[in-house]
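S.K.: The structure follows.
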Amino acid sequence: MIQRPQTVPFRYEITCPHCWTVFPTENILWVAESPELIGDTRLGQLEKTRFLPNGFTPEGYALDIKGFECRKLACPHCHLIIPRCFLEMPPFFVSIAGAPSSGKSYFLSSMTWNLRRNAPKYFSMSFSDADAELNTRLLEYEDKLFSGSPGKLVQLNKTELQGDLYNEINLDGQNITYPKPFIFSFCPTPSHQNIQRKTKISLAVSLYDNAGESYLPSDGDNASLPVTRHLGMSNCIFFLFDPIQDNRFRELCSSQGTDPQWKSGNSQDFRWTPLRQETVLSEMINRTRAYRHMSSTDQYQNPLFVIITKFDAWKQFFPDVPDRNLWAKTQKYGYVLLKDQIEDLSQRIRKLFLKIIPQFVGTLEQFAKDITYIPVSATGGPPIQDPATKTWGFNVKNIKSQWTDLPLLYAIAKMNRGMIPMIEEKKDSVSQ
């Protein structure tokens, strides 16, 4: 006897991860499968036709007008592909912002690489590509940093303002460019304590990585280039701060630290951009307020994470901080995040920032209510120079990241009960 596949209930409405249009699930378009059905009104003559179906297979897949069974779905507004997980799981949007050369691409690549490994190993959660084609650039970066030839020097390309990280559509004669999200499904595995609730505790995670220049006031987005408007829908924001780009940190660390990244003479070699990062932060805040229709005094209610990059270069401020992960195994709940230790470290960094850059802390706290500071190191050390080519890069065999997966794990644990447990050691309690 052939067993019919289990049906999964669809969500009542969907938020497109490309254009952020919210629409009823019944309005979703299908992508024609027949090789004859080419040409789309918004994506051009080389794209497969998008359509509302009149017929379905017994398994629930649409049939195009040539009778071909279709598998891919698309947004009724922008016509771009929507992974199926958006029909079944709540979306979780994460905006990643920061100044040019602050390390966003390195952080993002290290974060997703570590989440793929650590989420199932420690928390019985699968972090996997919802659409490998959308994630192509990120997969290439992961392979480059963590699966390359030992001893080879690698460097990631800077995120561009245009190119294959963007999609262009034509809407009523107007060309509009949207950023491509990196999309993952985050679901419990069979060993998860709440596997019976898997349809309720799974997420469709979209990560948005813009070029740092996109957050400069002079290069702001507009109706035809809405590249940062995901800020209006984000469940949380990651703002990356690079101490090496801050003159006040450099003055303090160049005399104390031995890391070559602090040496101003080598700044060009390390792609250092002398930019006040408060400018980028203020612009991000202004756009978030505008896209969310907030007043100048309203506070952002979702979590804001300040990700301080290149921790390996300024670790001397916290010599007692261990390299280990900030989670531990319990007898009853398995592995749990150590909430007290995460928050204690966050408060210590806040005190350091108040001492060195108090105006930065003031800007953050005037904007957001829930702020967590997390130090990360995507590579574990500074770049080195190839004596033959004189180019700079990271030795693959020496790359050792630290805590890059912690911000997303902690954000999801705080906002989605039942997925990742946390323990408050001071209260001796576990929140799920």
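The values are calculated or read from the model by the stated rules, or taken from the named source; none is laboratory data. All values derive from a computational prediction rather than experimental measurement. Virtual Cβ from ideal backbone geometry, glycine too; neighbours counted across all protein chains shown. Protein only, heavy atoms only, side chains kept; ligands, DNA and RNA dropped before computing areas. Shrake-Rupley method; radii C 1.70, N 1.55, O 1.52, S 1.80 Å.
S.K.: Name the residue that is nearest to ASP129 (Cα to Cα), counting only residues in segment 169-184 that are open to solvent by less than 20 Å² (accessible area, probe 1.4 Å) and assigned to a strand (DSSP E or B).
M.R.: Taking the candidates together, the pick is PHE184.
S.K.: Same structure, new question: Restricting attention to segment 336-390, which residues are in contact with a Gly (Cβ under 8 Å, 6 or more places away or on another chain) and aliphatic (A, V, I, L, M)?
M.R.: Correct list: ALA378, ILE384.
S.K.: Sticking with this one: Taking the condition of being open to solvent by 40 Å² or more (accessible area, probe 1.4 Å), in contact with a strand residue (DSSP E or B) (Cβ under 8 Å, 6 or more places away or on another chain) and either closer than 24 Å to TYR178 by Cβ or among the acidic types (Asp, Glu) (or both), how many residues in segment 50-64 meet it?
M.R.: So the answer is 1.
S.K.: Before we move on, is ILE81 modelled with pLDDT of 95 or more and open to solvent by 30 Å² or more (accessible area, probe 1.4 Å)?
M.R.: Answer is yes for this residue.
S.K.: Confirm whether GLN299 is open to solvent by 50 Å² or more (accessible area, probe 1.4 Å), over 24 Å from ASN114 (Cβ atoms) and at pLDDT below 95.
M.R.: no
S.K.: While we're on this one: In this structure, does SER202 turn out to be surrounded by 15 or more Cβ atoms within 10 Å (Cβ to Cβ) and of a type in the set (S, T, N, Q)?
M.R.: Yes.
S.K.: Still on this structure, I have one more. Exactly one of these conditions fails for GLN359: (1) touching a helix residue (DSSP H, G or I) at 6+ places or on another chain (Cβ under 7 Å); (2) on the phi < 0 side of the Ramachandran plot; (3) open to solvent by less than 50 Å² (accessible area, probe 1.4 Å). Give me its number.
M.R.: Only one criterion is unmet by GLN359, namely (3).
S.K.: Anything in segment 366-381 that is of a type outside the set (A, V, I, L, M, F, W, C) and surrounded by 13 or more Cβ atoms within 10 Å (Cβ to Cβ)? List them, or say none.
M.R.: Passing the criteria: ASP370, THR372, TYR373, PRO375, SER377, THR379, GLY380, GLY381.
S.K.: Can you name the number of the only condition in (1) surrounded by 15 or more Cβ atoms within 10 Å (Cβ to Cβ); (2) free of Cβ contacts under 8 Å to residues at least 12 places away in the same chain; (3) farther than 27 Å from ARG289 by Cα; (4) not polar (S, T, N, Q) that ALA388 fails?
M.R.: (1)
S.K.: Hey, among the residues in segment 159-168 that are in contact with a helix residue (DSSP H, G or I) (Cβ under 8 Å, 6 or more places away or on another chain) and either part of a strand (DSSP E or B) or open to solvent by 50 Å² or more (accessible area, probe 1.4 Å) (or both), which one's modelled with the lowest pLDDT?
M.R.: Among residues in segment 159-168 that are in contact with a helix residue (DSSP H, G or I) (Cβ under 8 Å, 6 or more places away or on another chain) and either part of a strand (DSSP E or B) or open to solvent by 50 Å² or more (accessible area, probe 1.4 Å) (or both), the one modelled with the lowest pLDDT is LEU161.
S.K.: Which residues, taken from segment 11-39, are touching a helix residue (DSSP H, G or I) at 6+ places or on another chain (Cβ under 8 Å) and either under 16 Å from CYS70 (Cβ atoms) or outside any loop (DSSP other than H, G, I, E, B) (or both)?
M.R.: Across segment 11-39, the qualifying residues are GLU13, ILE14, THR15, THR25, ILE28.
S.K.: Looking at SER95, is it touching an Asp or Glu at 6+ places or on another chain (Cβ under 6 Å) and either open to solvent by less than 10 Å² (accessible area, probe 1.4 Å) or assigned to a helix (DSSP H, G or I) (or both)?
M.R.: Criteria not met by SER95.
S.K.: Of everything in segment 132-144 that's in contact with a strand residue (DSSP E or B) (Cβ under 6 Å, 6 or more places away or on another chain) and aliphatic (A, V, I, L, M), which residue is most open to solvent (accessible area, probe 1.4 Å)?
M.R.: If we take residues in segment 132-144 being in contact with a strand residue (DSSP E or B) (Cβ under 6 Å, 6 or more places away or on another chain) and aliphatic (A, V, I, L, M), then LEU134 is most open to solvent (accessible area, probe 1.4 Å).
S.K.: Then there is this: Which of (1) of a type in the set (Ser, Thr, Tyr); (2) open to solvent by less than 20 Å² (accessible area, probe 1.4 Å); (3) within 21 Å of VAL205 (Cα to Cα) does SER102 not meet, given it meets every other one?
M.R.: All conditions are met except number (3).
S.K.: Now for a separate question. List the number of the failed condition for SER109; all other conditions in (1) out of contact with any helix residue (DSSP H, G or I) (no Cβ under 7 Å at 6 or more places or on another chain); (2) surrounded by 21 or more Cβ atoms within 10 Å (Cβ to Cβ) hold.
M.R.: (1)
S.K.: Quick check on GLY393: is it surrounded by fewer than 21 Cβ atoms within 10 Å (Cβ to Cβ) and assigned to a loop (DSSP other than H, G, I, E, B)?
M.R.: For GLY393, the condition - surrounded by fewer than 21 Cβ atoms within 10 Å (Cβ to Cβ) and assigned to a loop (DSSP other than H, G, I, E, B) - is not met.
S.K.: What residue, among those in segment 209-244 that are in a strand (DSSP E or B) and closer than 16 Å to VAL306 by Cα, is most open to solvent (accessible area, probe 1.4 Å)?
M.R.: Within segment 209-244, the match that is most open to solvent (accessible area, probe 1.4 Å) is ASP209.
S.K.: State all residues of segment 319-360 that are in a strand (DSSP E or B), within 25 Å of the chain's Cα centre (by Cα) and not aliphatic (A, V, I, L, M); if no residue qualifies, say none.
M.R.: Passing the criteria: TRP327, TYR335.
S.K.: A further question follows. Do we have any residue at all in segment 401-422 that's surrounded by fewer than 17 Cβ atoms within 10 Å (Cβ to Cβ), out of contact with any strand residue (DSSP E or B) (no Cβ under 8 Å at 6 or more places or on another chain) and within 30 Å of SER191 (Cβ to Cβ)?
M.R.: There is at least one residue in segment 401-422 that is surrounded by fewer than 17 Cβ atoms within 10 Å (Cβ to Cβ), out of contact with any strand residue (DSSP E or B) (no Cβ under 8 Å at 6 or more places or on another chain) and within 30 Å of SER191 (Cβ to Cβ).
S.K.: Can you name the condition, by its number, that ALA313 falls short on among (1) of a type outside the set (Lys, Arg); (2) part of a helix (DSSP H, G or I); (3) modelled with pLDDT under 95; (4) open to solvent by 70 Å² or more (accessible area, probe 1.4 Å)?
M.R.: (4)
S.K.: Still on this model: Please go through segment 108-136 and give me each residue that is farther than 22 Å from MET419 by Cα, without any contact (Cβ under 8 Å) to a residue 40 or more places away in the chain and either assigned to a helix (DSSP H, G or I) or aromatic (Phe, Trp, Tyr) (or both), ordered by number.
M.R.: Result: THR136, single match.
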